[in-house]
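Engineer: Following this message is one structure expressed as structure tokens.
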Amino acid sequence: MSTDTSAGQAASGAARGEHPTPDRNEGLTADDLRDLAPADQDLRLYRAMAFVRAFEERVETLYKQGQVRGPAHLALGHEAVAVGVGAALGPQDRSIGTYRGHHHALVRGTPPDGMMLELLGRAGGVCGGKGGSMHVLSVEHGYLGSHAIIGAHLPVAAGLGWASQVLGEDRVTACFFGDGATNIGAFHEALNLAAVWHLPVVFVCENNGYMEYTPIETVVPVTYPAADRAAAYGLPAITVDGNDVSAVREVAVAAVATARRGEGPVLVEARTYRHGGHSVADPAAYRPLGEVEAWKARDPLAVHRDAAVARGGDPAVYEAVMPEVREQVAAIARRAQEAPRPDAADAWTDVWSDGSSTWRS
């Protein structure tokens, strides 16, 4: 997807190894990959993950410089989940996620300039510079928001699926959540309702092993906190290596097809790992020695690059991608830092949908 070209042009340009323009997003959908040869699909998936990685790296730097206000939760290490599922969705489909949602918004095609402006609290941000890192939303691009309350968005996803069903729309909603959300009542309520009503929702658990600072295995008596509970709602237990974008995409294609056929929801658990702490402010000293290094040895970008090269991909082409996208994101950040702050009067806009903030106060 692109902010200045069609999806098809963006895909073919990436496949040819062309340098993206400074304001181009590396998001993608199933349509972007459909007509590409397998080798070009490999490169397209890699570029999308590399863009997310570069964006999150830059956000981390800006946060540590004091330029990103409020909490920021990065998806460094989670790239394969967002890209793999995004590559299975159509442009008409929708995604919804948690406060760790930059990667999902970008993959859906949310403009990176607007994203960066939002994170820096500047005018022109996708939410007017008022939502910040934890509340990114771009309805236009099919991303129905990052939600800060654990598990609260799962019933919203069920509602989106119900709306699609009632209206007869060819839309699937992908709902992303963490392993900790599986202990929240809303998880069970949403899964139960979606299963009973056969709603077109793909629920995706990004299991990174930690409920904020607590290892998930210390509070859940099953190996897979999402998948091992699927049977309670008549759903199959589906797990996937969340650091292998090709594996995620394969599982997601099947899941989206099931939901689109009207056969009800699908629950997928993707095992992955966050490279940093729960938030940028968290040093993650609670993690055991060697754990981070062991997971980084299976970095999703390296896993996919090595597999693509083994299938005949050009190592030099892959080697050039990260420097290119890092410079692209650096240019985006420079522009965002030069942008003005929102006007103070804008604090009263978009507060209530009916505009009644003036009389309610």
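The values are calculated or read from the model by the stated rules, or taken from the named source; none is laboratory data. Everything numeric in this text was worked out from a predicted model, so none of it was measured. Methodologically, a virtual Cβ is constructed for each residue, glycine included, from the backbone with ideal geometry; neighbour enumeration extends over all protein chains shown. Remember, those area values only see protein heavy atoms, side chains included, never the ligands or the DNA or RNA. Shrake-Rupley method; radii C 1.70, N 1.55, O 1.52, S 1.80 Å.
Engineer: Once R0 is set to 41 Å, what does the formula 1/(1 + (r/R0)^6) return for the Cβ-Cβ distance between Arg298 and Val351, expressed as a FRET efficiency to the nearest 0.05?
Structural biologist: So the FRET efficiency works out to roughly 0.40.
Engineer: Report the Rg/Rh value for the range 257-321, based on alpha-carbon coordinates and the Kirkwood definition of Rh.
Structural biologist: Answer for the range 257-321: 1.14.
Engineer: Taking N as the number of residues in the chain, what is its Cα Rg relative to 2.2 N^0.38 Å?
Structural biologist: Cα-based Rg divided by the globular estimate yields 0.95.
Engineer: Taking θ as phi - 60°, what are the ³J(HN,Hα) couplings along the range 296-313 by the Karplus curve (6.51, -1.76, 1.60), each to the nearest whole Hz, with x for Gly and Pro?
Structural biologist: 5, 5, 10, 3, x, 5, 5, 4, 6, 4, 5, 5, 5, 5, 4, 8, x, x
Engineer: Under a no-solvent Debye model with one identical scatterer per Cα of the range 301-353, what's log10 I(q)/I(0) at q = 0.18, 0.23, 0.26, 0.27 Å⁻¹?
Structural biologist: -0.72, -0.90, -0.97, -0.98
Engineer: Once phi is turned into ³J(HN,Hα) by the Karplus curve 6.51 cos²θ - 1.76 cosθ + 1.60 with θ = phi - 60°, what whole-Hz value does each residue of the range 142-148 show in order, with x for glycine and proline?
Structural biologist: Whole-Hz 3J(HN,Hα) from phi for the range 142-148: x, 9, 8, x, 9, 10, 7.
Engineer: Take the Cα radius of gyration of the range 134-223 and divide it by 2.2 N^0.38 Å, with N its residue count; two decimals is plenty.
Structural biologist: Computed over Cα atoms of the range 134-223, the ratio equals 1.15.
Engineer: Per 0.36 nm of contour for each residue apart, how much would the distance between Val253 and Asp228 grow if the chain were fully extended, relative to their Cα-Cα spacing?
Structural biologist: On the way: separation 25, 0.36 × 25 = 9.00 nm, distance 2.12 nm.
The Val253-Asp228 span can extend by a further 6.9 nm.
Engineer: 7 Å from Cα along Cα→Cβ at both Val309 and Leu167: what's the point-to-point distance in nm?
Structural biologist: 4.6 nm
Engineer: Dipole of the chain, Cα-centred, from +1 at each Lys and Arg C-beta and -1 at each Asp and Glu C-beta, to the nearest 20 debye?
Structural biologist: Details: 31 positive and 44 negative charges, 78 e Å.
Rounded to the nearest 20 debye, it is 380 debye.
Engineer: A further question follows. Can you work out the accessible area per residue across the range 40-341, with the rest of the protein chains kept in place, probe 1.4 Å, in square angstrom? Provide the component values of the computation, followed by the final result.
Structural biologist: Numbers: 11270 Å² over 302 residues.
On a per-residue basis, 37 Å².
Engineer: Roughly speaking, to the nearest percent, how much of the chain's 1.4 Å accessible area is carbon and sulfur?
Structural biologist: C and S fraction of accessible area: 56 percent.
Engineer: Could you tell me which chymotrypsin sites (Phe, Trp or Tyr not before Pro) in the range 259-361 are loop residues by DSSP with no more than 16 other beta carbons within 10 angstrom of their beta carbon?
Structural biologist: In loop regions of the range 259-361 (DSSP not H, G, I, E or B), the sparsely surrounded chymotrypsin sites (Phe, Trp or Tyr not before Pro) are Tyr286, Trp352.
Engineer: Based on the Cα atoms of the range 96-170, what semi-axes does the equivalent ellipsoid have, where each is the square root of 5 times one gyration tensor eigenvalue, given in whole Å with the largest first?
Structural biologist: Equivalent-ellipsoid dimensions as semi-axes: 23, 14, 9 Å.
Engineer: Given just the C-alpha atoms of the range 190-296, how large is their convex hull per residue in cubic angstrom?
Structural biologist: 111 Å³
Engineer: Where both residues lie in the range 40-341, what percent of DSSP beta bridges are antiparallel, nearest 5?
Structural biologist: 10 percent
Engineer: Which is the longest part of the chain that has none of the GluC sites (Glu not before Pro) sitting in a DSSP loop with at most 16 other Cβ atoms within 10 Å?
Structural biologist: 19-168
Engineer: Gly145's amide H: which non-local residues (gap 5+, or another chain) put their own amide H closer than 5 Å, with H modeled 1.01 Å from N in plane and none for Pro or chain starts?
Structural biologist: Gly97, Ser138
Engineer: Something else: Between Val317 and Asp35, how high is the FRET efficiency from 1/(1 + (r/R0)^6) when r is the Cβ-Cβ distance and R₀ = 22 Å? Nearest 0.05.
Structural biologist: Computed FRET efficiency for Val317 and Asp35: 0.65.
Engineer: Using only Cα positions of the range 208-266, each an equal point scatterer, no hydration layer, compute I(q)/I(0) via Debye at q = 0.23, 0.24 Å⁻¹ and quote the log10 values to two decimals.
Structural biologist: Evaluating at q = 0.23, 0.24 Å⁻¹ gives log10 I(q)/I(0) of -1.03, -1.06.
Engineer: Next up: Where both partners of a DSSP beta bridge lie in the range 173-299, what percent of those bridges are antiparallel, to the nearest 5?
Structural biologist: Antiparallel: roughly 10 percent of the beta bridges in the range 173-299.
Engineer: Ok, one more. Determine the dipole magnitude for the range 32-90: charges of +1 sit on the beta-carbon of Lys and Arg, -1 on that of Asp and Glu, nothing else is charged, the reference point is the Cα centre, and the result goes in debye to the nearest 20.
Structural biologist: My answer is approximately 260 debye.
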